[in-house]
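Quick notes on the structure that follows.
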Protein chains: 2
Amino acid sequence: MNSLDPALNLLDQRREEALARLFDLLRIPSISTDPAYAAHCQTAADWLVTDLTAMGFEAVAHPTGGHPIVLAEDLSAEGPHVLFYGHYDVQPVDPLELWDSAPFEPQMIEVAGAGPAIRARGAGDDKGQLMTFLEACRALKSANGALPCKVTILLEGEEETGGKHLPGFLEQHAERLGKADIALVCDTSMWDARTPAITTMLRGMVGEEVTIHGPDRDLHSGYYGGAAANPLAVLSQILGALHDGEGRVQIDGFYDGVPEIPANIRAQWDALPFEESAFLGEIGLSRPWGEQDRGVLEQTWARPTAEVNGVWGGYTGAGFKTVIPAEAHAKISFRLVGQQDPAKIREGFRRFVRDRLPSDCRASFIAYGGSGATAMPVADPVFEKARAALTAEWGSEAAFIGSGGSIPVVGQMQQILGLDSMLIGFGLADDAIHSPNEKYQLASFEKGARSWARVLVALA
Amino acid sequence: MNSLDPALNLLDQRREEALARLFDLLRIPSISTDPAYAAHCQTAADWLVTDLTAMGFEAVAHPTGGHPIVLAEDLSAEGPHVLFYGHYDVQPVDPLELWDSAPFEPQMIEVAGAGPAIRARGAGDDKGQLMTFLEACRALKSANGALPCKVTILLEGEEETGGKHLPGFLEQHAERLGKADIALVCDTSMWDARTPAITTMLRGMVGEEVTIHGPDRDLHSGYYGGAAANPLAVLSQILGALHDGEGRVQIDGFYDGVPEIPANIRAQWDALPFEESAFLGEIGLSRPWGEQDRGVLEQTWARPTAEVNGVWGGYTGAGFKTVIPAEAHAKISFRLVGQQDPAKIREGFRRFVRDRLPSDCRASFIAYGGSGATAMPVADPVFEKARAALTAEWGSEAAFIGSGGSIPVVGQMQQILGLDSMLIGFGLADDAIHSPNEKYQLASFEKGARSWARVLVALA
């Protein structure tokens, strides 16, 4: 028998210690995409192993071809078996000059109208979130001597770079990990600061880097301009043709497998308090930009997109240089929904580019990520148990929502381990994850830990 | 009476010393566009003053609001008065990794089929060229004790950044400089390695840097993608719309003041030995890209262009980052012909951008350069005298040609000083000026100096 109140009391009493642990983890610059930070990713993994071991988990940082995967287990309980997923890697920090404090020196700040928050790269994505689960486990074990469920914890270090080594790891450990009854993932947001949420739809993602190759060297645009193919102009024409005037993606077959939202889900979403103008106003915008016949929630939760994430080429320094560059580059990502096939989207994009190349240019590509969309089995009673636990903690009915982001591991756990996921997270829309001044509300962290304690006891 | 042969003999005898002087000048990294190199621009100006003074010129490096302008005079001769123009500043060197040797450590290299050449940033543009004139003056003075003409030499240090301070300087010294009979400019190319040329048409240039501003911070493209305006996509759409499918520039009024080539000039150009496929083949291309109803010579000499010279924004590092950036940037240049008005072209481009902005984006602009096209008075007998002198040196009839490049000073000397220019240069199309591995043929340098000695004696 596992009781909840002593654990909640312990979480309240030991708030300072929990915060200090999070700050320690945030100080490690575990940027996974940049090879220069590889040693820091190892340090973060080791830090987590030490912390989990101290709690009484059997914890190991497994080497992969990239950054380690931390796997920890405490299977001593009688109850059901949950597999928790989080990631300890973080996004790059540029543009560094836009940060108000150093990204790896966590600061307590006050957010007007929202209370204290922790500012640091990774505070909201995903170190603050994963620590809510670890703190819940720590408190339950301290208070009751044991967890209410069997718990396996998997923390990866390549989420921000497409999680290249995770599928192989899941396959290698499929028998052991597949014994769990459900996966718990803490990498999503609340509906708003008062309303907790369980995310039941996730978009998939395909990333592509394209290079347009033209002349065999950089040219003077005075002497060659007008006659020589300009890769920057060609790239602009191709990227500029990706959407039509109504915001529809122009790649052949792009919308194959994209479903319309069922009426009951649309009704739920319509019932959510949501103002497009307020949502966009928070980021300095005023009206939806993409598909002109869809609302913002539908655009970001249930419609596929093509976004240009980076472009570079030619002279980009101070002053002016009249060059026609030999190459131009772009990074483009596609968010997928429904049954869209990542491989077909990638191939469709490449064909779209090649079909628009003048005869004197060629294109080369680098593939990043590649995962389909996923939808959760909300009819499973565990979803209602978790919803009740969250509602009890926050005092507002928890919502079932969609998410525009992509968490490829959810699809992978479904396909490789046969596990459905329950996505519960405590981020807020203004947390600026992936941006300068990323933050995580202190309430998200503290009530998040209390929420997980409640959910684990409810599932037991 | 000034005689030519002793000067030509001296140039031949003192080749090594002349080359050593040029190498000294090439070692000074006088990149004008980058403020970090300002001291080196001063060093280059001082080096030239020292060299000119040693030759017996009265030489001064005049401070400006930017890089100094070197002015040197030897008016002791009886003959006509020429004003020579060159520039000692050079282009930036990036991408540095594509250079086969350090850009400011000049090397002698062997160019297959073309003989020895000097490789360095500035070798062809314009240090090697300006030194041909200085070496000719040195040899004429040494051989004959005096120059055959009055010579004023003006060497600026901001040609590669639009020559911001030159017009003011010309105005300030208009009375003194306007006494010259003609300007001589050495910043152009030969027709080919055997055929010298006088350039009689120059395109003008307008440079613009545009920034598209969208959301007030960088956004996660998963959470906001599909709803938030993406400045990189907006910029691509705008730049992608600059040309239609036939290569015509789509800015309103862009072709106002663009003349068709007169029949006699077209006939001269048609008579030049020129193979489009060979010209393009040298830069790894095979067919003209711009206006589809014009040939390459016409495209690059007599037609206006819009070229994208640089684009940057979003995440451009290793790996992938799913960001919608707050800003996207581009540098665009326009080459002008005939009576196109630089101010109207600039305004037309800005209107073109603003007309295509979604309501949630705004654009800001930085102006660079801005000069109309110029045409030379080829009927003036000095052009035939110079043509004969060049023909005598090279053994092939010198050609009157056009140039796609822009030399704003030519228009400024016309407007401010009332001086026509004679553009004689010894560059070759494959000199890679503005690119990695810029070079200047040793024959250009040595026969260039001999050519100027012949021209000065012919004009006397």
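The values are calculated or read from the model by the stated rules, or taken from the named source; none is laboratory data. Keep in mind the model is a prediction, meaning the values are calculated, not measured. With ideal geometry, Cβ positions are generated from the backbone for all residues, glycine too; neighbour counts draw on all protein chains shown. Just the protein is used for accessible areas: all its heavy atoms, side chains included, with ligands, DNA and RNA removed. Shrake-Rupley method; radii C 1.70, N 1.55, O 1.52, S 1.80 Å.
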Exercise for the section: Considering each of A:Ala386, A:Ala392, A:Ala460 in turn, give the residue that is under 26 Å from A:Val337 (Cβ atoms) and either more than 14 Å from every other protein chain (Cβ to nearest Cβ) or not aliphatic (A, V, I, L, M) (or both). Expected result: A:Ala386
Problem - Qualifying residues in segment B:332-358 (those that are touching a Phe, Trp or Tyr at 6+ places or on another chain (Cβ under 9 Å) and of a type in the set (S, T, N, Q)) - the one farthest from the other protein chains (Cβ to nearest Cβ) - result: B:Gln340
Problem - Subset of segment B:25-39 that is assigned to a helix (DSSP H, G or I) and touching a strand residue (DSSP E or B) at 6+ places or on another chain (Cβ under 8 Å) - its residue that is farthest from the other protein chains (Cβ to nearest Cβ) - result: B:Leu26
Problem - Count - residues of segment A:332-350 that are closer than 12 Å to A:Gly372 by Cβ, of a type outside the set (Val, Ile, Thr) and either touching a Pro at 6+ places or on another chain (Cβ under 8 Å) or surrounded by 23 or more Cβ atoms within 10 Å (Cβ to Cβ) (or both) - result: 6
Handout entry: Number of the condition not met by A:His40 [criteria: (1) touching a residue at least 60 places away in the same chain (Cβ under 8 Å); (2) of a type outside the set (Asp, Glu); (3) open to solvent by 30 Å² or more (accessible area, probe 1.4 Å)]
Key = (1)
Problem - Given (1) surrounded by fewer than 23 Cβ atoms within 10 Å (Cβ to Cβ); (2) within 13 Å of chain B (Cβ to nearest Cβ), index of the condition A:Ile433 fails - result: (1)
Practice task
Looking at (1) open to solvent by 10 Å² or more (accessible area, probe 1.4 Å); (2) acidic (Asp, Glu); (3) under 18 Å from A:Val70 (Cβ atoms), find the lone condition where A:Glu135 falls short.
Solution key: (1)
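Hey, which of the helices (runs of 4 or more DSSP H) in segment B:115-203, taking only ones fully inside, have at least 2 residues that are away from every other protein chain (no Cβ under 14 Å) and under 20 Å from the mean Cα position of the chain (by Cα)?
Working: elements: B:127-144, B:166-172, B:174-177.
Qualifying helices (runs of 4 or more DSSP H): B:127-144, B:166-172.
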Problem - Sole residue being more than 30 Å from B:Gln414 (Cβ to Cβ), open to solvent by less than 40 Å² (accessible area, probe 1.4 Å) and assigned to a loop (DSSP other than H, G, I, E, B), chosen from B:Pro103, B:Pro92 - result: B:Pro103
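Would segment A:71-87 turn up any residue that is within 14 Å of chain B (Cβ to nearest Cβ) and either in a strand (DSSP E or B) or of a type in the set (Asp, Glu) (or both)?
Scanning segment A:71-87 turns up no residue that is within 14 Å of chain B (Cβ to nearest Cβ) and either in a strand (DSSP E or B) or of a type in the set (Asp, Glu) (or both).
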Completion exercise
With criteria (1) outside any loop (DSSP other than H, G, I, E, B); (2) modelled with pLDDT under 95, B:Ile345 comes up short on (2)
Completion exercise
Per the filter on segment B:206-247, residues open to solvent by 10 Å² or more (accessible area, probe 1.4 Å), more than 7 Å from chain A (Cβ to nearest Cβ) and either without any contact (Cβ under 8 Å) to a residue 24 or more places away in the chain or over 23 Å from A:Ile238 (Cα atoms) (or both) are B:Asp244, B:Gly245
Handout entry: Residue pairs meeting the criteria (Cβ under 6 Å; at least 6 apart or on separate chains; first touching a residue at least 12 places away in the same chain (Cβ under 8 Å), in segment A:8-29; second not aliphatic (A, V, I, L, M) and not in a helix (DSSP H, G or I))
Key = A:Phe23/A:Pro106; A:Leu26/A:Pro106; A:Leu26/A:Gly122; A:Arg27/A:Phe104; A:Pro29/A:Phe104
Exercise for the section: Look through segment A:163-198, keep the residues that are closer than 24 Å to A:Thr33 by Cβ and open to solvent by less than 30 Å² (accessible area, probe 1.4 Å), and return whichever of them is modelled with the lowest pLDDT. Expected result: A:Gly163
Practice task
Among residues belonging to segment B:273-315 that are of a type in the set (Asp, Glu) and either within 8 Å of chain A (Cβ to nearest Cβ) or part of a helix (DSSP H, G or I) (or both), point out the one that is most open to solvent (accessible area, probe 1.4 Å).
Solution key: B:Glu276
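Which ones in segment A:377-399 are open to solvent by less than 20 Å² (accessible area, probe 1.4 Å) and within 23 Å of the chain's Cα centre (by Cα)?
Kept after step one, since they are open to solvent by less than 20 Å² (accessible area, probe 1.4 Å), are these residues of segment A:377-399: A:383, A:386, A:389-390, A:393, A:398-399.
Residues satisfying the conditions are A:Phe383, A:Ala386, A:Leu390, A:Ala398, A:Ala399.
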Exercise for the section: Restrict the check to segment B:324-331 and report whether at least one residue is more than 9 Å from every other protein chain (Cβ to nearest Cβ), touching a residue at least 24 places away in the same chain (Cβ under 8 Å), in contact with an Asp or Glu (Cβ under 6 Å, 6 or more places away or on another chain) and crowded, with 17+ Cβ neighbours inside 10 Å. Expected result: no
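Rundown of residues vs (1) under 23 Å from the mean Cα position of the chain (by Cα); (2) farther than 28 Å from B:Asp94 by Cα; (3) in a strand (DSSP E or B); (4) among the charged types (D, E, K, R), yes/no style:
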| site | (1), (2), (3), (4) |
| --- | --- |
| B:Gly317 | no, no, no, no |
| B:Ala328 | no, no, yes, no |
| B:Lys331 | yes, no, yes, yes |
| B:Gly338 | yes, yes, no, no |
| B:Arg350 | no, yes, no, yes |
| B:Ser359 | no, yes, no, no |
Fill in the blank from the handout: Checked against (1) of a type outside the set (Asp, Glu); (2) modelled with pLDDT of 95 or more; (3) farther than 14 Å from B:Asp187 by Cβ; (4) out of contact with any Pro (no Cβ under 8 Å at 6 or more places or on another chain), B:Gly402 satisfies every condition except (2)
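Could you tell me which of the residues B:Gly253, B:Gly245 is closer than 18 Å to B:Trp289 by Cβ and either out of contact with any strand residue (DSSP E or B) (no Cβ under 9 Å at 6 or more places or on another chain) or part of a helix (DSSP H, G or I) (or both)?
Working: B:Gly253 fails: closer than 18 Å to B:Trp289 by Cβ.
Among B:Gly253, B:Gly245, only B:Gly245 is closer than 18 Å to B:Trp289 by Cβ and either out of contact with any strand residue (DSSP E or B) (no Cβ under 9 Å at 6 or more places or on another chain) or part of a helix (DSSP H, G or I) (or both).
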Handout entry: Identity of the residue in segment A:414-430, of a type in the set (A, V, I, L, M, F, W, C) and open to solvent by 10 Å² or more (accessible area, probe 1.4 Å), that ends up nearest to the other protein chains (Cβ to nearest Cβ)
Key = A:Ala429
Practice task
Run A:Ala59 past the list (1) in contact with a helix residue (DSSP H, G or I) (Cβ under 9 Å, 6 or more places away or on another chain); (2) not in a strand (DSSP E or B); (3) not basic (Lys, Arg) and report the number of the one that doesn't hold.
Solution key: (2)
Fill in the blank from the handout: B:Phe365 meets each of (1) part of a strand (DSSP E or B); (2) surrounded by 21 or more Cβ atoms within 10 Å (Cβ to Cβ) with one exception, condition (2)
